[in-house]
Structures are given as C-alpha cells and as structure tokens.
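Down below is the structure, laid out as structure tokens.
The values are calculated or read from the model by the stated rules, or taken from the named source; none is laboratory data. Just so you know, these numbers come straight off a predicted model, no measurement behind them. Note that we place each Cβ from the backbone using ideal geometry, even for glycine, and neighbour counts take in every protein chain shown. Ligands, DNA and RNA are stripped out before the accessible areas are found, and what is left, the full protein with its side chains, is counted by its heavy atoms. Shrake-Rupley method; radii C 1.70, N 1.55, O 1.52, S 1.80 Å.
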Amino acid sequence: MKPFIILSIALIFSISVFSQNIPYPTTPDWQSTPAGHIATGLGLADIDGDGWKDLIVANGNDIERQHLVVYYNNGDGTFPLSPDWQSDDIDYHGHLAVGDINMDGWIDVAVSVYIGPSGFADPGKVKVYYNEGGELEGMPSFESYGFYTFSCALGDADGDGDLDLATTGGEPYSALYDEGKIFINRNGYFSETPEWTTNLAFGSLDVEFGDVDQNGFLDVIFTSEETPNYIFLADDTGNIDTNPDWQSEESGNYINSVDFGFVGTSKLSGIVMTGNSQLGGDGKVRLYDFSDVIPPTSSASWTSNFFGYGSGILLSDVNVDGILDLIYGGWWLPVKIALGQTFGFELDPSYTSNTNSVVEAIQIADLDRDGIETNSETITIAEEKSVVYLEKQLTENILSVQINGEDISTAFFCYVPNKNWVSFKDNLKPGDEVTIDYEFSHDGDMVITNWDSGKGNYIFYNDPQTNVLPDQHQTKAQFILNIYPNPVGDKLTITYYSPSKQLVEIFLTDLIGRKHYQTYHEWLEAGVNTIELSTEKLPAGVYQMEIKAGKFKEVRKVIKR
C-alpha cells in the first residue's frame, strides 16, 4: 500500500438510488461561515474581471442592518468561507440584480432595501453599487427616493439596448400598498424617482422581466401578497402598459418569489411562483402558462403539493432533457427539484436536499467552468422586435454579436448574466440575420442564500455522476463511480460499483501534467467498494484524477480547497 493512501473496503448495504440523473448531491459541497449574516439577495457574476463568476450576497432582510458582500471565485470554482469584500454601508437589504448598467464592461449591482434605518415605520429605497474596474464602490453612488421595496430586476424596459431597473413596491405585512416601478437608464444612471409606475397599488414582493406574449419586447411581472399577481405587457413598439394586462384569479394569494421561462415540451411562456403560508396562503408552487394570447385573468395550470412557507424559486433544465425543471425552497425547509413534464412538473419531486434552512434565493451558474461550451446561433427576424431569446437556457456570457454580417458594439445591446435573452438598441427588422456567439453550460452549479443567521450560504456543485450508485443487489454491466466531496478538503472518498474483481489504478496530476500521486494499483473485489485518499498535504488547486478498472477508464476534475 502506498503511504499516501488509506484504503478501506466496505460493502455498503443501504445505497438509495438517485432518480432521473439529477446532478446535485443532497448535502451542500460548500457552506460559508454564517457569521450572523441574514443572507437574502444573490447574484452570480464576474465582479473582478478574471473570467470566473463570483458570489454577490445582500444581507439584512427585515431583521438586521447588514452589508452587501462579495465572495470572489478563487479561479477554480472554489470560494473562501468568509467574504472578500463588503460595502461600507449597512441596510435592511432585500434582493439584488446584476448587470452592466453603465455599459463600461464591468458588472454592477442593484439592491433593494426593504425598510429604512428605523425599521418598519421607515421606508427603504433601491440603490446601485457601480463597478470601478473590478471592485464595487464602497458606497452606492445611486440611491432612490424613499419607498418600501423587497426585490428588483434588470431588463430593457424601453427597448433601447441598456438595462433599466424594475422594483417592487409596498410593505405587505402592514398592508402598505404602493405602485410597481421602473427606473429608466439614462446613459448609465437613474433618476431618484421612477419614470414608469403602475396605475394601481399593491403589496409586491418580487418582480421579473420576460417576453411573456413573445412579441419581441420585454414585459414585467409582479407577485403580490394579499392582491393578485400581475403582468404588464409591452406593446409592439416596446411601451409597457401601466395597467395590468393579466392578473391571477386565485384568492388568498400570499405569493413570495417568481421566475419566468418557456416550459413543457411546447415551450409555452410560463410563470412560476411560490406561495408562503405564513399569513394564510396555500403554501404551494403555482404555474401559469400562456400560448398565443394572454387572457385578462386565469388560474394556475399546475400546482404543487403543499409544502409550507415557500420562498426561493428557479426554472432550469437540471437533467438536460430540453425541458425546464422547477427548483424551489422555503423557510426551514429543504430544496426540492421537480422535473419538467409535457405540461407542468412532477408532483413528487425527484430531489430533496437533506438541508433545513431558510432558503431565500436560488441561482445557477457554472462556477467551476467545467461544462462551459460555446455556441453560434443565427436568428432570422420575421417581425420587428427588440429582444431575442437564445436556444441554450443557461447562457453564461455573450461573446460577440453580428447583424447582417456586421459586428455590433456592446453599446448597442444588453443582457443579464445567466439569462438567455439579448435586447438591442435599434429594433431588429424583418429579414435581418442576427448571429450571436455565446458561452453556455449544461453543468451549472446551484447556489442558495439562507437568512437564518446560524447557517451559511450553500453551493451544490454539479456532478453528473452524483448519487447514481445502484443497490448492491442489482446486476450492472458497467463500472459506476462516485467521488466526494468535490471540492475536497483533507480527505477524498471514491465509492464505486464493479460487476467483477478489478485491477484499480489511480493517477492524480495537475493541469500541466505534473504527477502528485504515484500510480496506485490493487485488485479489489466485485461489488461496492470505498477508497479514501488523504489529501491533507495536497496544495490547493485543480487536478485531473484518472481512474482505471479493467476496461473502464474515466478522468474527473478534482478541486482542492
């Protein structure tokens, strides 16, 4: 036995089969140091310009005035346990939105402040921290007038190719209703008061942009507590109506969070919302989907089973079958994934984490860039429009844009990281050919913010081999492998099933081919076996682990914290 390996061989008698190839472990691979943080807002974007996405977290909620913080990516998909940067100010921060607002090539951060310094009797605001060449400014240089707002979203509301800022309005706990608002981007900056407001007041907790009626212009969606949920549609010139064009039929609303995407096999416009039963709601997820015409009102086309205080929600193609799946969580509840079906989602989720935290936000991006691919997509325009949607749902970065063969400057279009729409400054005309080169990933890592101050934020890294070990009594013709945890600390465990006795060999090298472990080889018996590698003295970095067993050979990336 080589001195660096402690080998233990054990049959595992109770291995549960993980259904449907969902690529996330049930226990998070990374948890930040709690440090009393009441984490709420979340963004995944490259703040420091090194090509790796960072974690931006807004702390505070309605519980304590705290900082906006950034955890910088170490350049290999791993993160420090404590933030690298924090804002100079503190507030009761709600949710945030990320994007290049002033179009200088650096990602900026907009944050909703739910309530003011004096608490619920004092209105909050929305503010923007501009990125100054790789670091956010310590104090936000934009702050709005005072109003209650829990969430915000970036999107091109006026179809001019830059990012505008939509915000919720109102404080639902006290039935203090307010209008939904959009602050229009004027050369990278906003006025203290919004240029667009709804004609009715309500108590909204979340807001999102999306081309719901698919006319080529972004619409805006608001979820509400005691009032209906609303969609305000943009017309064919890009002007968003100030009166709602749709509202939900259900009474006893109490909706927390929202996401938009094209759902089911027919790719219908779909809006998913989590119900929160704290004040009397039904505690279910609802899906509203739409075909060609948006009716003035409708009820949910699909609802989940009851699960309680619903909060964070996200649509993402988790099992890479071309259909969006539903990820959702709640207060002091696990994270669940319900796979997408022809219509709606499965009622019994295929995935339930073994965590029990106050899930606030859920986002996905390829943090370790182990699944990044490039795609070139050419779209022929049939009707005048401002917005196009790309085929790949998890769009990581836009690399270049051409219209009719001519390169287009970044000053003439905008997008939001990890979303798959692009909006143009000048409307696209019928017959135009738009070619967009972009990075996408089928290997997104899942990040969760938690506002229970005794628990940190979570990362569940995407590993397609996670939890696919069969029960030991099943007969399998192939060698099946699981490596965990990854990123690794002082010990790496390799568990595998083999149908027969095999000669197992392990090689570990860094990315330029330097070998860190001598070849390990030993005959191991058929069945389920476990090998434990001591990695305590292994330097932090990214490594390639090659495992051979008989005719089986596989190479995996291993990250050492």
field: Which numbered condition Met103 fails, given (1) out of contact with any helix residue (DSSP H, G or I) (no Cβ under 7 Å at 6 or more places or on another chain); (2) open to solvent by 10 Å² or more (accessible area, probe 1.4 Å)
entry: (1)
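Please specify each residue of region 271-305 satisfying the condition of being closer than 13 Å to Trp246 by Cα and within 19 Å of the chain's Cα centre (by Cα). Steps first, please.
Our first condition is that a residue be closer than 13 Å to Trp246 by Cα; within region 271-305, this holds for 271, 288-290, 293-300.
Scanning region 271-305 gives a single hit, Ile271.
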- prompt: Which residue pairs have Cβ atoms under 6 Å apart, sit 6 or more places apart or on different chains, and have a first residue in region 54-75 that is open to solvent by 10 Å² or more (accessible area, probe 1.4 Å) and a second that is outside any loop (DSSP other than H, G, I, E, B) and aromatic (Phe, Trp, Tyr)?
  reply: Asp62/Tyr92; Asp62/Tyr114; Arg65/Tyr92
- request: Kindly indicate the residue of region 418-431 that is open to solvent by less than 30 Å² (accessible area, probe 1.4 Å) and in a loop (DSSP other than H, G, I, E, B) and also nearest to Thr78 (Cα to Cα) among those meeting that condition.
  value: Asn418
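Given the criteria of a type in the set (Gly, Ala, Ser), farther than 29 Å from Pro430 by Cβ, touching a residue at least 24 places away in the same chain (Cβ under 8 Å) and crowded, with 22+ Cβ neighbours inside 10 Å, does Ser224 qualify?
Taking the combined requirement at face value, the residue satisfies it.
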field: Condition check for Thr378: farther than 23 Å from Ser269 by Cβ and in contact with a strand residue (DSSP E or B) (Cβ under 6 Å, 6 or more places away or on another chain)
entry: yes
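Report yes if Gly49 is open to solvent by 10 Å² or more (accessible area, probe 1.4 Å) and at positive phi, otherwise no.
Yes: the conditions hold for Gly49.
For Val111, are the conditions met, namely being within 24 Å of Phe217 (Cα to Cα), touching a residue at least 60 places away in the same chain (Cβ under 8 Å), in a strand (DSSP E or B) and under 23 Å from the mean Cα position of the chain (by Cα)? Reasoning before the result, please.
On the way: within 24 Å of Phe217 (Cα to Cα): no; touching a residue at least 60 places away in the same chain (Cβ under 8 Å): yes; in a strand (DSSP E or B): yes; under 23 Å from the mean Cα position of the chain (by Cα): yes.
No: the conditions fail for Val111.
Among the listed residues Val126, Val57, Val70, identify the single one that is more than 28 Å from Glu439 (Cβ to Cβ) and among the aliphatic types (A, V, I, L, M). Reasoning before the result, please.
Values: Val57 fails: more than 28 Å from Glu439 (Cβ to Cβ); Val70 fails: more than 28 Å from Glu439 (Cβ to Cβ).
Only one candidate qualifies: Val126.
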query: Quick check: anything in region 399-409 out of contact with any Asp or Glu (no Cβ under 7 Å at 6 or more places or on another chain), in contact (Cβ under 8 Å) with a residue 40 or more places away in the chain, small (Gly, Ala, Ser) and assigned to a loop (DSSP other than H, G, I, E, B)?
result: no
task: Go through region 371-389 and give me each residue that's open to solvent by less than 80 Å² (accessible area, probe 1.4 Å) and not in a strand (DSSP E or B).
output: Gly371, Ile381, Glu384
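Table: residues versus (1) in a strand (DSSP E or B); (2) touching a residue at least 24 places away in the same chain (Cβ under 8 Å).
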| site | (1), (2) |
| --- | --- |
| Leu315 | yes, yes |
| Leu326 | yes, yes |
| Pro349 | no, no |
| Ala361 | yes, yes |
| Arg369 | no, yes |
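Look through Ser386, Ser350 and report the one residue that is in contact with a helix residue (DSSP H, G or I) (Cβ under 7 Å, 6 or more places away or on another chain) and farther than 28 Å from Asn74 by Cα. Give the derivation first.
On the way: Ser386 fails: in contact with a helix residue (DSSP H, G or I) (Cβ under 7 Å, 6 or more places away or on another chain).
Of the residues listed, the single one that is in contact with a helix residue (DSSP H, G or I) (Cβ under 7 Å, 6 or more places away or on another chain) and farther than 28 Å from Asn74 by Cα is Ser350.
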query: Pick from region 171-186 the residues that are touching a residue at least 40 places away in the same chain (Cβ under 8 Å) and over 20 Å from Thr40 (Cβ atoms): which of them is most open to solvent (accessible area, probe 1.4 Å)?
result: Tyr177
- line: Checked region 237-264 for anything among the β-branched types (Val, Ile, Thr) and either surrounded by fewer than 19 Cβ atoms within 10 Å (Cβ to Cβ) or at pLDDT below 95 (or both); matches are Thr237, Thr242, Ile255
Region 158-170, residues that are in contact (Cβ under 8 Å) with a residue 40 or more places away in the chain, open to solvent by less than 10 Å² (accessible area, probe 1.4 Å) and more than 15 Å from His95 (Cβ to Cβ): Gly161, Leu163
- line: Of the candidates Tyr438, Tyr415, the one satisfying the condition of being open to solvent by 50 Å² or more (accessible area, probe 1.4 Å) and over 15 Å from the mean Cα position of the chain (by Cα) is Tyr415
Selected residue (criterion: nearest to Leu324 (Cα to Cα)) from residues of region 267-303 that are polar (S, T, N, Q) and either open to solvent by less than 10 Å² (accessible area, probe 1.4 Å) or touching a residue at least 40 places away in the same chain (Cβ under 8 Å) (or both): Ser269
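Residues that are among the aromatic types (Phe, Trp, Tyr) and either farther than 23 Å from Lys284 by Cα or in contact with a helix residue (DSSP H, G or I) (Cβ under 9 Å, 6 or more places away or on another chain) (or both): which strands (runs of 3 or more DSSP E) entirely in region 156-274 hold 1 or more of them? Before the answer, list the steps.
Details: elements: 164-167, 176-183, 196-202, 204-210, 219-224, 230-232, 246-248, 255-263.
By residue number, 176-183, 196-202, 230-232.
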